[in-house]
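The values are calculated or read from the model by the stated rules, or taken from the named source; none is laboratory data. The structure displayed is predicted, hence computed values, not measured ones. Here the Cβ positions follow ideal geometry from the backbone for every residue, glycine too, while neighbour counts run over all protein chains shown.
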There are 6 protein chains.
Amino acid sequence: MTELGVVYTDIQRPDADDVAALSHYGSATIHEAMGRIGLMQPYMRPAYDGAKLCGPAVTALLQPGDNWMMHVVAEQLTDGDVVVAACTTNSDAGFFGDLLATSFRARGGVGLVIDGGVRDTADLADMDFPVFAKAIHARGAVKETLGSVNIPVTCAGAVVIPGDVVVGDADGVVVVPRDTVAEVVEASKAREAKEAGVRERLAAGELGLDVYGMREKLAAKGLQYR
Amino acid sequence: MTELGVVYTDIQRPDADDVAALSHYGSATIHEAMGRIGLMQPYMRPAYDGAKLCGPAVTALLQPGDNWMMHVVAEQLTDGDVVVAACTTNSDAGFFGDLLATSFRARGGVGLVIDGGVRDTADLADMDFPVFAKAIHARGAVKETLGSVNIPVTCAGAVVIPGDVVVGDADGVVVVPRDTVAEVVEASKAREAKEAGVRERLAAGELGLDVYGMREKLAAKGLQYR
Amino acid sequence: MTELGVVYTDIQRPDADDVAALSHYGSATIHEAMGRIGLMQPYMRPAYDGAKLCGPAVTALLQPGDNWMMHVVAEQLTDGDVVVAACTTNSDAGFFGDLLATSFRARGGVGLVIDGGVRDTADLADMDFPVFAKAIHARGAVKETLGSVNIPVTCAGAVVIPGDVVVGDADGVVVVPRDTVAEVVEASKAREAKEAGVRERLAAGELGLDVYGMREKLAAKGLQYR
Amino acid sequence: MTELGVVYTDIQRPDADDVAALSHYGSATIHEAMGRIGLMQPYMRPAYDGAKLCGPAVTALLQPGDNWMMHVVAEQLTDGDVVVAACTTNSDAGFFGDLLATSFRARGGVGLVIDGGVRDTADLADMDFPVFAKAIHARGAVKETLGSVNIPVTCAGAVVIPGDVVVGDADGVVVVPRDTVAEVVEASKAREAKEAGVRERLAAGELGLDVYGMREKLAAKGLQYR
Amino acid sequence: MTELGVVYTDIQRPDADDVAALSHYGSATIHEAMGRIGLMQPYMRPAYDGAKLCGPAVTALLQPGDNWMMHVVAEQLTDGDVVVAACTTNSDAGFFGDLLATSFRARGGVGLVIDGGVRDTADLADMDFPVFAKAIHARGAVKETLGSVNIPVTCAGAVVIPGDVVVGDADGVVVVPRDTVAEVVEASKAREAKEAGVRERLAAGELGLDVYGMREKLAAKGLQYR
Amino acid sequence: MTELGVVYTDIQRPDADDVAALSHYGSATIHEAMGRIGLMQPYMRPAYDGAKLCGPAVTALLQPGDNWMMHVVAEQLTDGDVVVAACTTNSDAGFFGDLLATSFRARGGVGLVIDGGVRDTADLADMDFPVFAKAIHARGAVKETLGSVNIPVTCAGAVVIPGDVVVGDADGVVVVPRDTVAEVVEASKAREAKEAGVRERLAAGELGLDVYGMREKLAAKGLQYR
């Protein structure tokens, strides 16, 4: 049962080298490498063009229109962390802006993924502090009701356990469970290697029909050329 | 990490009497009694007017537009179970209709909660087989890709562990963790008792301002009457 | 400038006979009779089938996810009033349920129009307390931040001045300025009378092309029959 | 190229007995029987509970917020026709209400499918004049710009040629090409017969896994029971 | 009651120096400085990256899909004005493009805020004529039905009186009542000064928990660290 | 009736010089020049800023979440072709990414219009391979069910016949029937010439009221200046 009003101060993070290795891969590659799980809903968009992030999740469960826990979570950050903020119900308030970005960065935070709204997006772009959010909304938040920090949360349809790695780029946000990071790096590497070979063949004009050997299966299903 | 291609056949269910007791309370009451957690997104709507359900969750993780696991989950049902079907990504295909409803009912199932589409809704109403869904869509599903059965899933924003109790009615769908059902029943009962007293006073014309003792706090915040 | 934290206790209401006369007309008729102004956005829907209301507006400006002002507005109701609740920003929380409906009714209120969410909709249907809302949501509201009562508000795109008459039915919600109620009744009556004659002719098989004399204008615009 | 400003007065309709036979089948069954083509988008909903229709399409291409062609199309109706109204761009105005319903009925029309808004929905329910629409909107339409009647149109994502049969019910709206009605009736009949047998077996407690012989393919794909 | 078919030619504008002073502040700052009122709905977005505007509103009330009043409003512009265009009902037609932008600019206009669609957005970016709109839509508008110019309008949920100042940037659009501009400038200035101090402390690694003195209140609410 | 499982290998394309001439005009101009038909829904957006395309359509009808036909269509491309991909029902899966872009380009393809999702959008921008899509989604597609290639399709509300020319830019996507390309070029040219003259007059400060001679008609409709 989701706990409210608690802050876990001691979470386990994955190996930093594994996180660094994972940061070379895009969200689509990683999602495929994981067998097509762990993807957040496609409504999660970068707050500015070119925003990208990769890091262990420190989580916050917010109440709707209330960003109190964003200040609580700031204290729990260590170098390289990404804040993943969920909400007990849907809310597109502007929970986050340049002041919190300044605070997060000063404490080691390298980005934010939030199932809600943000503001000061021009400042975020100037700071190059990457944010993935559901909405952009100038409307601010109150500080009245407790949520929690560093409990498992559901953010944009994906479960995030503190210490899981989140990767965000132009294609979306994907969550990699903490104890699978190394293997996902390997799988991503393998996938990219395989894709590189395929890309070369396709660029040379070969068809996917032949590269992937699809013609027989298509014919078996009854595809007719006229 | 979410597993694909597995079926857990032995899940723990809550005490049947507790489930029966819980069924007397509505989703809004239960949600409040739990401290405002566990609620699915409000896009989950009854497939017909008056649909209501309460029972332990047997879960299915579906692939988009693919309802193969719905047939797999049918075998795992026991009397009183509710199927909770999530999807690895958003999809509003018609995953479910009167044939599956017939099958679920024959195996003891008492309802469905699905983060996707359903069809044959007139038949579902005639059968009075309660369904809560994201969409109504005549478009059918394929049977090509494995998902899983009885793993933890995220359905419409709420985490559901097999054996958790789901309660659905006109106001929405709420999830009660298996080992808290008894206490949530008590909390719901207490809440209803308290509300009954308040309702009586309000019906007699007393104001919430007085019943809840709000006037002082409002004045302290600076409310002015003109 | 919209005031926050104020309650106006002395508003002017339209003539009760005019309101009673207006209640015989539907929202579509009234909207047409007014020259196609005053209509709320079409996302405003009845909370249950058959809900209908007509009465002078007592207004509340709510903060997102906060229904404190709903208790304040209850005290300002007189017989026949409809509460019109707007919000300082978009919010679909469940601001209203059966307890507030009980209170509003006990104080003379005959309905609610709210640019937000409501719950306990089965109870509202049982009570036949008409509600028009943007959403149905079991999620409750907090009581922390002041809004206002009986100031002009913008609800679902329409400006509502306290004392304006709101009319809601299956087709939507329309707002009639207080000092135009009598003339809108006349215009609605005239429109219905005219429509009755047209309806009779159409029912007899005459075409709108002829009843409305459209053929010439269509031909002038170049319509060609083939 | 879509023609504007034309009315085709002589369209071919399918055999009336075939249409009558088709009317016994639901939209989901027909959609399946056709190989899963011809379905309109799921945002098309009945304007009142229980609305159902089946008949040859007489088409209108409307301009946004303009229902002039609805009067033109009325003249082209013969007994049993359904009007299918598309729009040159998306528009949710209230293009249709009880007066046009009266006119359509008087001229033989048995329903409307419109990729736009309608109003007077309580009257439509009272008349039991079935309508499937994108929106309910009290806002009326103007009569200023020419569209066309009885040209091929795209309505809610489906192409409709005049004389095609449209079938609408609680699950959606499907379009059956005119010269395939008889074969779709046969395919629907075959599908229902097959489903009846399956339903009986499922109702008796047999599993879809066995009825459809899925176990081998699931095992081949690697499904594991734990 | 909203008037149709009228143009007010003599509106009062705020002091130009106050408007110039206000233009140094962003929409989020101003919204906060005003006490969180006056914000348009977050669906209002800049038509191109980097668009910003600040100026007194000259208003137009449009009919759906009809941009006739855009030509009428052009004549009412003086240097520095922003056109605020509302619609009598929701419509996402392309009411505005490069020709009207050329005309507005030639007459002194410095931007547009429209609760509807626009087109020629690449040209608008090239011209750097800032536009905030609900939609981008190539579909053009007709010129058939009268609206009004320089009456109070409701645009994207906010009331705009002619002469009010509208400020738009990446975070949204906010409306400042004409006779409060000077005080809002002061409040914005004060807010920025206060934020500058906070920003410095946060950048140095201090926590919001301490800067804002939140720890005591959090503890009082029962927050637990584990 | 839409055929499934077929590939037409011999389609007619318009004159290449006509296509080249058409490419000088924007989607809004062309849409107007065609009399306001042929426009796709406004939810079709460029996958990256500045994407533009113009070319004859080679069509693919996809199944939801299944991009098998994208490999089949690659073989049918000739220099300058644009792939137009529709789906048998709504689906926002990521049907297309950088590998298919590489393949399409190698075979002569110059862009994609798809009523579904795409991914690898940063790569698409780097390649400058223009794509117009409904969604950006990292989620990949399966290859299980046959669709068709080079049959007429409905894409985002517009009918596309193989060989029709599609033009996409920041304002949307428009479809020009194959045998009207030359005349649409002429009409676009005429429109631009006319607009150039108008633009010059507007830029000089003349009003649309005078340039278009609107004053008399406005007065006739009753417009009043106060």
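Observations on the model:
- As for region A:58-74, it holds at least one residue that is among the aromatic types (F, W, Y), under 15 Å from E:G208 (Cα atoms) and in contact (Cβ under 8 Å) with a residue 12 or more places away in the chain.
- In a residue-by-residue description of region A:37-45, the property of being at pLDDT 95 or above and away from chain F (no Cβ under 11 Å) applies to no position.
- Residue identified as within 12 Å of chain E (Cβ to nearest Cβ), touching a strand residue (DSSP E or B) at 6+ places or on another chain (Cβ under 8 Å) and modelled with pLDDT under 95 among A:A93, A:A141: A:A93
- Selection within region D:209-226: residues that are more than 10 Å from chain B (Cβ to nearest Cβ) and not acidic (D, E). The member of this set that is farthest from B:E3 (Cα to Cα) is D:G213.
- The residue that is surrounded by the fewest Cβ atoms within 10 Å (Cβ to Cβ), among those in region D:124-138 that are without any contact (Cβ under 8 Å) to a residue 40 or more places away in the chain and of a type in the set (A, V, I, L, M, F, W, C), is D:M127.
- Residues located in region E:173-209, provided they are within 24 Å of A:F104 (Cα to Cα) and surrounded by 13 or more Cβ atoms within 10 Å (Cβ to Cβ): E:R191, E:E192, E:E195, E:V198, E:R199, E:R201, E:L202, E:A203, E:E206, E:L207, E:G208, E:L209
- Checked against (1) touching a residue at least 24 places away in the same chain (Cβ under 8 Å); (2) of a type in the set (A, V, I, L, M); (3) in contact with a helix residue (DSSP H, G or I) (Cβ under 9 Å, 6 or more places away or on another chain), B:V166 passes all but a single condition, namely (3).
- Residue tally, condition more than 7 Å from every other protein chain (Cβ to nearest Cβ) and more than 20 Å from the chain's Cα centre (by Cα), over region A:99-122: 0
- Single residue of B:D81, B:D66, B:D15 found to be charged (D, E, K, R), buried (at least 20 other Cβ atoms within 10 Å of the Cβ) and more than 13 Å from chain D (Cβ to nearest Cβ): B:D81
- The listed residue being aliphatic (A, V, I, L, M), more than 26 Å from A:E144 (Cβ to Cβ) and either buried (at least 23 other Cβ atoms within 10 Å of the Cβ) or touching a Phe, Trp or Tyr at 6+ places or on another chain (Cβ under 9 Å) (or both), out of C:V73, C:V110: C:V110
- Criterion: closer than 28 Å to F:L218 by Cα and not aromatic (F, W, Y) - qualifying residue of E:V19, E:V7: E:V7
- When restricted to residues that are assigned to a strand (DSSP E or B), more than 8 Å from every other protein chain (Cβ to nearest Cβ) and among the β-branched types (V, I, T), region C:161-192 contains 6.
- Among the residues of region A:28-50, the ones that are without any contact (Cβ under 8 Å) to a residue 12 or more places away in the chain and crowded, with 24+ Cβ neighbours inside 10 Å come to 0 in all.
- Subset tally (residues that are facing chain D (nearest Cβ under 7 Å) and farther than 30 Å from D:E216 by Cα) for region B:123-138: 2
- Residue check for C:L4: crowded, with 24+ Cβ neighbours inside 10 Å and within 14 Å of chain B (Cβ to nearest Cβ): no
- Residue list for region A:139-163, filter: surrounded by fewer than 23 Cβ atoms within 10 Å (Cβ to Cβ) and of a type in the set (G, A, S): A:G140, A:G163
- Within region D:1-94, helices (runs of 4 or more DSSP H) holding 3 or more residues that are within 26 Å of D:E186 (Cα to Cα): D:16-22, D:27-33
- Residue match in region D:193-208 (condition: touching a His at 6+ places or on another chain (Cβ under 6 Å), in a helix (DSSP H, G or I) and within 14 Å of chain B (Cβ to nearest Cβ)): yes
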